[in-house]
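Peer 1: If you scroll down you'll find the structure; I have some questions about it.
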Amino acid sequence: GAVVSQHPSWVICKSGTSVKIECRSLDFQATTMFWYRQFPKQSLMLMATSNEGSKATYEQGVEKDKFLINHASLTLSTLTVTSAHPEDSSFYICSARDLRTGRTEAFFGQGTRLTVV
Amino acid sequence: AQTVTQSQPEMSVQEAETVTLSCTYDTSESDYYLFWYKQPPSRQMILVIRQEAYKQQNATENRFSVNFQKAAKSFSLKISDSQLGDAAMYFCAYYQKAAGNKLTFGGGTRVLVKP
């Protein structure tokens, strides 16, 4: 299957600072990338969908000014958590799909554990 | 909106035995896809099996098979000859191309494998 690399795997930041998480498709072009948040022992909650070259579409209740998503190329999307606070601590996962191929599988990154202290 | 329900928060199985995980979904569409994903302790999401709604034949992948009942909107996963490495969270997911290309996940079922 296709490979999606997410970086960093874990990050600790101070409250009030911003942190950027990268999601790269290594061996395919991702027309669409998805960002999820997962709380302990819970399912994945979709935060936003980003299409290459377009503004991201955010799910209801997700603050677009807090969670900035950029998808400037077909292989890279970034999620920036701005002015992070302890309640933003969570596990963030990206997934990618190339809609042009007609394939239905989405491929997932390894996830990033964010801890805000 | 589509919803996916996994009614079993946790299932326990003896090594080499069989376990079946339940999943039901709600949709008014006829063309969609269903998936089972595995999330081991590493938290990397791994695709286990996929089913196209237009196919009547149940999908199988080695020790993993599904029972797809379209009319009942049911999509259960059977793990045969369970192995210690099967211990993980399992998520049922629904996908429809027209619905923003999003995956809708169920709440998950934790599978414990006893040696």
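Just so it is clear, none of the values below were taken in a lab; they were calculated from the coordinates. Remember, predicted model here, so these are calculated numbers, not experimental data. Positions of Cβ are generated from backbone atoms using ideal geometry, with glycine treated the same way; all protein chains shown enter the neighbour counts.
Peer 1: Cut-off is 10 Å between beta-carbons; in what order do A:S25, B:S12 appear when sorted fewest neighbours first?
Peer 2: Numbers: A:S25 25, B:S12 12.
Placing the least packed residue first, the sequence is B:S12, A:S25.
Peer 1: Could you go through the stretch A:2-18 in sequence order and give the Karplus-derived ³J(HN,Hα) for each residue, using 6.51 cos²θ - 1.76 cosθ + 1.60 with θ = phi - 60°, rounded to whole Hz, and x for Gly and Pro?
Peer 2: 3J(HN,Hα) across the stretch A:2-18, in whole Hz: 6, 10, 10, 10, 10, 9, x, 6, 8, 8, 10, 9, 7, 4, x, 8, 10.
Peer 1: In addition: For chain A, what class follows from the C-alpha gyration tensor (a ≥ b ≥ c being the square roots of its eigenvalues): rounded when a/c is under 1.5, otherwise prolate if a/b is larger than b/c, else oblate?
Peer 2: Verdict is prolate for chain A.
Peer 1: Per 5 Å bin, what is the whole-percent P(r) computed from every C-alpha pair distance within the stretch B:5-115?
Peer 2: Final binned percentages: 2, 12, 24, 25, 19, 10, 5, 2, 0.
Peer 1: Report D for the stretch B:58-103 in µm² per second (integer): Stokes-Einstein, Kirkwood Rh on Cα pairs, 25 °C, 0.890 mPa s.
Peer 2: For these conditions, the coefficient is 195 µm²/s.
Peer 1: Contour minus end-to-end for B:E17 and B:N62, with contour as 0.36 nm per residue of separation and end-to-end as the Cα-Cα distance?
Peer 2: 14.7 nm
Peer 1: Give me the lysines in straight-line cross-link reach of A:K20: C-alpha distance below 30 Å, same-chain residues under 8 apart excluded.
Peer 2: Straight-line reach from A:K20, under 30 Å: A:K41, A:K55, A:K64, A:K66, B:K38, B:K97, B:K102.
Peer 1: If you don't mind, another one. Given a Förster radius of 22 Å and the C-beta distance between A:M45 and A:K66 as r, what FRET efficiency does 1/(1 + (r/R0)^6) yield to the nearest 0.05?
Peer 2: For A:M45 and A:K66, the calculated efficiency is 0.90.
Peer 1: I've got another one for you. Top mean-square fluctuation among A:V62, A:V81, A:V19, Gaussian network model of chain A, C-alpha springs under 10 Å?
Peer 2: A:V62
Peer 1: So what J values fall out for the stretch B:38-55 if you push phi through Karplus, 6.51 cos²θ - 1.76 cosθ + 1.60 with θ = phi - 60°, rounded to Hz, Gly and Pro as x?
Peer 2: 10, 10, x, x, 5, 6, 6, 6, 10, 6, 9, 7, 10, 9, 8, 5, 7, 9
Peer 1: For Cα pairs less than 8 Å apart in space and 6+ apart in sequence, what is the mean separation divided by the residue count of chain B, i.e. the relative contact order in percent?
Peer 2: Taking the mean separation of contacting Cα pairs over the length of chain B, I get 37 percent.
Peer 1: For the protein assembly as shown, what is the largest minus smallest coordinate of the Cα atoms on each principal axis, given in angstrom and ordered from greatest to least?
Peer 2: 49, 39, 32
Peer 1: ³J(HN,Hα) across the stretch A:86-96 via Karplus (A = 6.51, B = -1.76, C = 1.60, θ = phi - 60°), whole Hz, x for Gly/Pro?
Peer 2: The phi angles translate into x, 6, 7, 4, 5, 9, 10, 10, 10, 9, 9 Hz.
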